[in-house]
Amino acid sequence: MKKELLFHPKSIAVIGASRESDKLGYLVLANIKRYGYKGKVFPVNPKADEILGYKCYQTVHHVPENIDMTVILIPAPFVPDIVEQCGIKGIKTVIIITAGFKEIGKEGKEMEDRIAEIAKNHNIRILGPNCLGFIDTYQKINASFAESMPEKYDVAVFSQSGAVCTAILDWANLNGIGFSRFVSLGNKSDINENDLLLEWENDKAARVILGYLEAISNGPEFIKRASKITEKKPLIILKAGITSAGAKAAASHTGSLAGSETAVSAAFKKAGIIRANSLEELFDYAKVFAYQPLIKGNKIAIVANAGGPAVMTTDAVIESKLELAKLSPITTAYLERKLPPIASKKNPIDVVGDAKADRYKVALEATLSDKGVDGVIVILTPQITTEVEETAKIIVTLSRRYNKPVVAAFMGGKRVEAGLKILNDNKIPAFNFPERAVRVLEAMYQYRNYLNERPNYKVAYFDKDKDRVSYLLGQAEAADIYNLGDSMDSLASKILKSYGIPVAKSIMAKTAEEAAEAAAVIGFPVVLKITSQDILHKTDVGGVKIGLNNKVEAKEAFKEIINSVNAKMPDARVEGITVYHMVRKGQEVIVGAKRDPVFGPVIVFGLGGIMVEVLHDVSFRIAPVSLREAEEMIEETKGSKLLKSFRGGEAYDIEAIADTILRLSHLMIDFSEIEEIDINPLRVNERNKGVIALDVKMVLKENKSD
C-alpha cells in the first residue's frame with residue numbers, strides 16, 4: 001500500500017455526496033470540509049450542481065482533473081460498476097463505506113468478490129466495504145461519518161468494527177486522548193491489518209498502535225508484521241470471535257487442546273502483542289502506553305490513604321507478575337521523619353485517612369526517587385480532609401520529574417471526579433479501581449520483558465532427513481492412509497526418527513503366537529497396543545494391556561484386545577497388535593502439534609498420559625519455535641516442577657524435551673501435509689539420558705481432490 005495514496009491524497013472524490021444533512025453522503029463531505037482538508041474535493045451527484053460550496057459532477061469521468069482517492073456511499077448493487085469507473089479513471093484508492101456485502105450472505109459476498117476482481121484488474125486498493133472510513137489528524141483528513149475529530153497525537157488505531165470505531169472515538173474525546181491515524185477496516189476485501197502494520201512500522205506518528213479484530217488475515221504474515229512492530233513500539237489488540245463452537249471434534253489429545261483461542265494467544269505471545277481482553281482493557285492500556293514511560297522492572301510501590309484499598313492493591317500485585325518493591329533504608333528513614341507515627345512507612349505506604357496533599361507529596365517523592373522502585377500506584381479515597389484536586393496536581397507535577405510510570409486509582413464517584421479529570425487531562429492514567437492500575441503496569445512489564453528476551457528467540461537448525469519424510473508421506477498418500485499408527489514399522493515412527501526423535505522399539509504381531517515371540521525378543525515386561533488407523537484412542541476400546549511378564553500373559557492379552565476391539569469397533573481396520581518394551585522409569589510428558597487454519601502449526605507441551613486431559617496443564621507456541629520458546633513452554637507448566645529435582649527426586653532431561661519440541665516444530669513447518677502429531681507419552685529419562693516416544697499418533701491432511 002503506497003503511503004501517499006491512503007494517508008496523503010491530494011484530491012478526493014465523494015461518490016454519493018448528498019444535500020440532505022442526515023445522509024452519510026452529506027456527513028462524510030461535511031467532515032472533509034469541516035476539519036481542514038487542504039486538497040481538492042469533488043462531490044459526485046448527478047442531481048446536484050453544488051454541495052457545501054463544492055461543484056458537483058455527474059460521474060468521476062466528468063471530473064477534469066486526476067483523483068487520488070474516492071469515497072463511495074451509494075447502494076451496494078451499484079458499487080461494482082462505480083469501482084470499474086474509478087479504475088478506468090485511474091483512481092488508485094477507493095474507500096467503500098457502503099454496507100450490504102458479504103456480511104449479509106451469499107449475494108453480498110458475490111458482489112464483494114466482483115469488486116475485488118475489478119480492483120485487482122485496475123491495481124486499485126480498497127478500504128472496506130462496510131466501514132466507517134478513515135481519519136488522519138496529521139494531514140487533517142476526516143473521510144468518515146464519525147461525529148467528531150480526535151485530538152492530534154501519535155497513537156494509530158485500526159478496527160474491523162465500525163461500531164467499535166465510534167466507541168473508541170467517543171471514549172477518546174471524553175478522556176482527552178488523541179490519535180494520528182484512525183482506520184476502519186470493515187470487511188477487509190483488500191486492505192487489512194497486515195497492510196496497516198507494514199505502513200505504520202516506521203511511522204513516527206504511530207508510536208503506539210491499537211487494534212480491534214474479529215478475524216485475522218493471513219496468520220503467518222500477521223505474526224511477521226506484528227513482530228517487526230513490537231520490536232519498536234507497543235501493539236495493543238483486542239481480538240473478538242475466539243470461540244470455536246461447532247468445530248469438528250479433534251482426533252487427538254493435541255487437537256482437543258489446541259483450539260482457536262489457543263492459537264490466537266500463542267500467536268500474540270510470539271509476536272509480542274499486548275492483548276486486551278475487553279474494550280475497557282484496550283482503553284486502559286492505550287492510556288498507560290501512550291502517556292507513561294515504559295517500566296524498567298516489576299517492583300511496584302503503593303501509596304494510599306486507606307488500609308483496605310492498600311491491601312486490595314497489594315493482593316492484585318501479588319497475583320500478577322509484578323512484585324512489591326522493597327524500599328531502601330534511606331527511603332524508609334525519610335518517611336519515618338516526614339509521616340505521622342500512625343502512618344505505615346513500609347510498602348504499601350499508608351499515609352492515613354486524614355492525609356492532605358502535602359502528605360501524598362512526601363510519600364510519592366520518596367518512592368519515585370528510590371532506585372528499587374520501578375513504578376508507583378497512588379490510591380485515593382475521598383475522606384473529610386482529602387484534598388482531591390490538590391493531590392491530583394501533585395501527582396502530575398512529580399510524575400514529570402522521574403522517568404517512571406505513575407498510575408492512580410481515585411476510588412469513588414462525584415467527590416473524585418475533578419481529580420480524575422486533572423489526571424487524565426495531564427496524561428496520568430487514572431482509574432476508579434486499583435485492580436485496573438495494577439493490570440496496566442503488569443502489561444507494561446510483560447512488554448518490557450518481551451523486549452529483553454527477544455534476542456534469545458532465534459530459531460535453531462539441525463540435521464534432518466526431509467527426503468526420507470517426503471518418501472514416507474508419499475507412501476501414505478498412495479495407500480490412502482491418513483491416520484498413521486505407532487508400531488516400529490509404522491510410517492509415523494519412521495517420520496519421527498527421520499527428524500531425530502527417538503521412538504521406542506516395537507514389533508507388530510498378527511497372531512497371539514507372534515505377540516508372544518515378539519515379547520520374548522523385546523524383553524519383559526511388555527505392553528500390547530492395538531494398531532489401527534481407525535482407532536486413535538486405544539484405551540477407550542480396550543486396546544491396551546500393560547505389565548505383561550511372560551509369553552502366556554502376552555498371548556492372553558492379544559486375545560483380550562482383539563475381542564474387545566471387535567465388540568466395541570467391529571468396523572475398525574485392524575493391522576495387528578504392537579508389542580513394546582515397558583519402560584518403568586522416567587516421567588511422562590506430551591509433545592504435540594496441530595495445524596491451525598489461520599496461524600499454522602501450534603506446538604503443545606504438558607504432562608503426559610491421561611493427566612493432560614484431567615489437568616490441562618499445557619503450554620502452546622506457534623511454529624517455528626526457538627530454543628528459548630521451547631524452554632519457556634516447559635517452564636510455564638506446573639508440571640515442570642516434577643521434571644526438576646523436586647523434594648529430592650530425580651532431575652529429568654529437560655534439554656531433551658526442548659530438543660524434541662524444536663524437531664517437531666521443524667517437521668510441521670516443513671510438511672504442510674501433516675495436520676496433527678501426538679507424542680503421548682514421551683518418556684523423559686534422567687538428566688543427560690534423553691527421551692523416547694512411547695506412543696505416536698499422526699494425522700495427515702486428506703486429499704479431497706476426488
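The values are calculated or read from the model by the stated rules, or taken from the named source; none is laboratory data. The structure presented is a predicted model; accordingly, all values stated were derived computationally and were not measured. Counting neighbours? That spans all protein chains shown, and the Cβs are built from the backbone with ideal geometry, glycine included.
Take the conditions (1) modelled with pLDDT under 95; (2) buried (at least 17 other Cβ atoms within 10 Å of the Cβ); (3) out of contact with any helix residue (DSSP H, G or I) (no Cβ under 9 Å at 6 or more places or on another chain); Gln446 misses just one of them, which is (1). Candidates Asp358, Asp315, Asp374, Asp350: the one that is under 26 Å from Ser619 (Cα atoms) and either of a type in the set (Ser, Thr, Tyr) or in the same structural domain as Ile395 (by TED's automatic domain parsing) (or both) is Asp315. From the list Ala392, Ala343, Ala325, the lone residue that is of a type in the set (Gly, Ala, Ser), within 36 Å of the chain's Cα centre (by Cα) and farther than 30 Å from Asn449 by Cβ is Ala392. Listed here are the strands (runs of 3 or more DSSP E) enclosed by the range 56-132 that have at least 1 residues being over 17 Å from Gly25 (Cβ atoms), in contact (Cβ under 8 Å) with a residue 24 or more places away in the chain and not charged (D, E, K, R): 93-96, 125-127.
Let's see how each residue does on (1) without any contact (Cβ under 8 Å) to a residue 12 or more places away in the chain; (2) surrounded by fewer than 21 Cβ atoms within 10 Å (Cβ to Cβ):
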site	(1), (2)
Ala392	no, no
Ile395	no, no
Arg400	yes, yes
Asn424	no, yes
Gly474	yes, yes
Ala492	no, no
Ile495	no, no
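Every condition in (1) touching a Leu at 6+ places or on another chain (Cβ under 7 Å); (2) not in a helix (DSSP H, G or I) is met by Ala630 except one, and the failing one is (2). Only residues that are surrounded by 22 or more Cβ atoms within 10 Å (Cβ to Cβ) and among the hydrophobic types (A, V, I, L, M, F, W, C) were counted across the range 284-298, and they come to 4. A count restricted to the range 674-692 and to residues that are more than 25 Å from the chain's Cα centre (by Cα) and either crowded, with 16+ Cβ neighbours inside 10 Å or not polar (S, T, N, Q) (or both) stands at 13.
Tell me, please, whether a residue that is within 25 Å of Gly606 (Cβ to Cβ), assigned to a helix (DSSP H, G or I) and out of contact with any strand residue (DSSP E or B) (no Cβ under 8 Å at 6 or more places or on another chain) can be found in the range 518-526.
no
Of all residues in the range 521-541, those satisfying the criterion of being under 42 Å from the mean Cα position of the chain (by Cα) and either surrounded by fewer than 16 Cβ atoms within 10 Å (Cβ to Cβ) or farther than 22 Å from Lys505 by Cα (or both) are Asp534, His537, Thr539, Asp540, Val541. At least 1 residues being in contact with a helix residue (DSSP H, G or I) (Cβ under 6 Å, 6 or more places away or on another chain) and at pLDDT 95 or above is the threshold, and among the helices (runs of 4 or more DSSP H) wholly inside the range 170-260 those reaching it are 193-200, 219-230. In this structure, does Val416 turn out to be buried (at least 21 other Cβ atoms within 10 Å of the Cβ) and in the same structural domain as Val317 (by TED's automatic domain parsing)? Spelling it out, Val416 is indeed buried (at least 21 other Cβ atoms within 10 Å of the Cβ) and in the same structural domain as Val317 (by TED's automatic domain parsing). For the range 121-132, check the following and say yes or no: at least one residue is basic (Lys, Arg) and within 21 Å of Leu197 (Cα to Cα). Yes: the range 121-132 contains one or more residues that are basic (Lys, Arg) and within 21 Å of Leu197 (Cα to Cα).
For the residues Gly90, Gly108, Gly100, Gly162, the requirement of being under 19 Å from Ala17 (Cα atoms) and of a type outside the set (A, V, I, L, M, F, W, C) singles out Gly100. From the list Thr367, Thr331, the lone residue that is over 36 Å from the mean Cα position of the chain (by Cα) and hydroxyl-bearing (Ser, Thr, Tyr) is Thr331.
Regarding the range 97-110, can at least one residue be identified that is more than 30 Å from Phe179 (Cα to Cα) and crowded, with 17+ Cβ neighbours inside 10 Å? Scanning the range 97-110, I find at least one residue that is more than 30 Å from Phe179 (Cα to Cα) and crowded, with 17+ Cβ neighbours inside 10 Å, so the answer is yes.
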